[in-house]
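Shown next, in structure tokens, is the structure this report addresses.
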Amino acid sequence: MSVHAIAAVLSGQIRPGNRLTVQGWVRTRRDSKAGLSFIAVHDGSCFEPLQVVASAELPNYRSEVLHLTAGCALRVRGELVVSTGKGQAVELRADWIETVGGIEDPETYPVAPKPHSFEYLRTVAHLRPRTNSIGAVARVRHSLSQAVHRFLHERGYFWVHTPIITASDCEGAGALFRVSTLDGVNPPRTPEGGIDFAQDFFGRETFLTVSGQLNVEAYCLALSKVYTFGPTFRAENSNTSRHLAEFWMIEPETAFADLHANADLAEALLKFMFRALLDERADDLAFFAQRIDKTCIQRLERMVNAPFERMEYGEAIRILEKAGETFEFPVRWGVDLQSEHERYLTERHVGRPLVLINYPKEIKSFYMRLNDDGRTVAAMDVLAPGIGEIVGGSQREERLVVLDARLDEMGINKTAYNWYRDLRRYGSVPHAGFGLGFERTVSYATGMSNVRDVIPFPRTPRSADF
RNA sequence: UCCCCAGUAGCUCAGUCGGUAGAGCAGGUGACUGUUAAUCACCGGGUCCGUGGUUCGAGUCCGCGCUGGGGAGCCA
């Protein structure tokens, strides 16, 4: 008799009357007056557990079944039958139940069948995937990841595996984690007294990447359409519900594309991801809508059906100036938008995702293409209600002269970027790309308010357990 | 990093005016003719975050530290 995933059983692939085996973990056990027990068995293949009906006639009913508690691992054999109870269409009438792994001390098992706070669950990150919420998040992450690859693959994009270890000490974003094999207590010294990184593993200072963008641009200018999807690292002391020291980012890069094509791609990608999620994970989304965020399904449906608002930075400033709001940070042309400003624009002014374009060059990175007005760059941010920026991107500066001027202006050492500048020397073309923060996207889709709960093992300042 | 708040049973929390500890859930035992966060009865369960101080006496008041949360900055 074959073993089946509970997802296959509950989706109707197995008809009542068939005999089968399932394997999974106990969620709850309810004993009935009739001298039988109902065991909710969960194997993670879908949101719902399968109800197993265990009768007192089972040889191990009193010795084992009546002692099953949340978390016990089971193998159950029986016949699938139409349920006479209300909560489920079918159930497994067991004729054999085997405890594969028991619970050492049920009283202190950390994932009791009761509501837990997410703060507490983070302290048991190795066990929290057994909960409804974190299990659902894991399946949502999978669906969204697969959708990213499917969408970009179908549009002719190649997945490029850019390096995790980088020597660029200024990729334009955030503080870096050093990668080193030197003795941390007593490192080799230069004559000047500094640490002698020439003796380090790579013969120079190296770091964990903060973005695959610069590397993926090199492949863009050969394969035309490329993307990265991998982990990135920021050593910033950010203590918020939207930041992680290790997070995942999707970075498409398109040759012969301008900012508008770039924004089109970002919008189409997000819509494809959320459409796929609505199609594939209705069970998990129903849970998020019921327990986490009542509006999450309608938010996703609205997002996939309505065009994103597009707005010039200058227009956004005018709207904020006329808003009649008292902002903590005053608004004028040239300032970077603060959380309160983004929130006003997305949540109050347009009420849905907003693409802001053409920012002042002073507040953006060196690689963004200078516009003809000489004071703005072809940058874009996608702002989502509730979480703020989920996409940041730009058309890249493809003109070597202009790029060099920008590097000089910002006091960046050009020689460190010689390989990047080569891309502008040899067959340079207009190109554009963006970074999509994966955890923020999962957070937006599920209504989970802290990104630490949408990544399996979160890394944040002072916290890298597990 | 800054501002604010919190830390008491396995978990979520209450604890009044400073007088040596409570509930719900979870767990154990039992009852109940199909349960759905089952119900009912009984039972076990405490480094009151740490540290120093005030006091006859501190979970409670004060200082310092640690951890967590909310917000801000930085960003995705």
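The values are calculated or read from the model by the stated rules, or taken from the named source; none is laboratory data. Bear in mind the structure is a predicted one, so any value in this text is a computation, not a measurement. Here the Cβ is made from the backbone with ideal geometry for all residues, glycine too, and neighbour counts use every protein chain on show. Just so you know, the surface numbers come from the protein's heavy atoms only, side chains and all, with ligands and any DNA or RNA stripped out. Shrake-Rupley method; radii C 1.70, N 1.55, O 1.52, S 1.80 Å.
The table below gives the values:
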read-out	value
Selection from A:S339, A:V350, A:S365, by position along the positive dipole direction of the stretch A:330-404 (Cβ)	A:V350
Sites matching trypsin sites (Lys or Arg not before Pro) across the stretch A:275-322 that sit in DSSP coil, with at most 14 neighbouring C-beta atoms within 10 Å	A:K294, A:K322
Cα shape, chain A, gyration tensor, a/c 1.5 rule	prolate
In sequence order, calculated HN-Hα J values of the stretch A:378-393 (Karplus, 6.51, -1.76, 1.60; Hz; x Gly/Pro)	7, 9, 9, 10, 9, 9, 10, x, x, 10, x, 6, 10, 10, x, x
3J(HN,Hα) from dihedral phi, the stretch A:236-243, Karplus parametrisation 6.51/-1.76/1.60, rounded to Hz, x for glycine, proline	7, 7, 9, 10, 9, 7, 10, 10
Residue-span extension gain [A:H161 to A:A73] - 0.36 nm each, minus C-alpha spacing	27.9 nm
Global geometry of the stretch A:25-106, whether rounded, prolate or oblate, following the gyration tensor of its Cα atoms and the 1.5 cut on a/c	oblate
Global geometry of the stretch A:70-158, whether rounded, prolate or oblate, following the gyration tensor of its Cα atoms and the 1.5 cut on a/c	oblate
Sites A:L127 and A:A306, calculated FRET efficiency, Cβ-Cβ separation with R0 30 Å, nearest 0.05	0.15
Percentage relative contact order, chain A, counting C-alpha pairs under 8 Å, at least six apart	13 percent
Ordering of A:101-108, A:152-159, A:225-232 by burial proxy (mean other Cβ atoms within 10 Å per residue, highest first)	A:225-232, A:152-159, A:101-108
Exposure of A:K271 as accessible area (Å², to 10), given a probe of 1.4 Å and all protein chains	40 Å²
Inter-part distance where the stretch A:370-445 and the stretch A:53-73 are each reduced to a Cα centre, Å	61 Å
Debye, to nearest 20: dipole size of chain A, +1 on Lys, Arg Cβ, -1 on Asp, Glu Cβ	1180 debye
Under-5 Å amide H pairs with A:R310, H placed in peptide plane, nonlocal only	A:V355
Solvent exposure of chain A as accessible area per residue, Å², 1.4 Å probe	48 Å²
Rounded percent of accessible protein surface that carbon and sulfur make up, chain A, 1.4 Å probe	51 percent
12 Å cut-off, amide nitrogen to a point 7 angstrom out along A:A56 Cα→Cβ, residues in the stretch A:9-48	A:32-37
Built amide H within the under 5 Å cut-off of A:V377, gap 5+	A:Y359, A:K361, A:N371
Within chain A, helix-based [θ] at 222 nm, where runs of 4 or more DSSP H residues each add -39,500 (n - 2.57), nearest 500	-8000 deg cm²/dmol
Two-decimal Rg to Rh for the stretch A:299-399 - Kirkwood Rh, Cα set	0.98
Amide H contacts of A:R281 (H built 1.01 Å from N, under 5 Å, at least 5 apart or other chain)	none
DSSP H segments from chain A that extend 15 Å or more along their own axis, Cα-based, with Kyte-Doolittle mean of 0.0 or above	A:259-280
Taking the stretch A:16-67 and dividing mean pair separation by its residue count, relative contact order in percent (alpha carbons under 8 Å, at least six apart)	26 percent
Dipole magnitude of the stretch A:1-131, debye to nearest 20 (Cβ charges: Lys/Arg +1, Asp/Glu -1, about Cα centre)	300 debye
Extension gain (nm, one decimal) between A:Q298 and A:K33, 0.36 nm per residue minus Cα-Cα	91.2 nm
Relative contact order [Cα under 8 Å, 6+ residues apart], the stretch A:1-153, whole percent	19 percent
Largest-first ordering by accessible area, 1.4 Å probe, given options A:H161, A:H116	A:H161, A:H116
Whole-angstrom gap from the stretch A:204-240 to the stretch A:263-296, using each part's C-alpha centre	26 Å
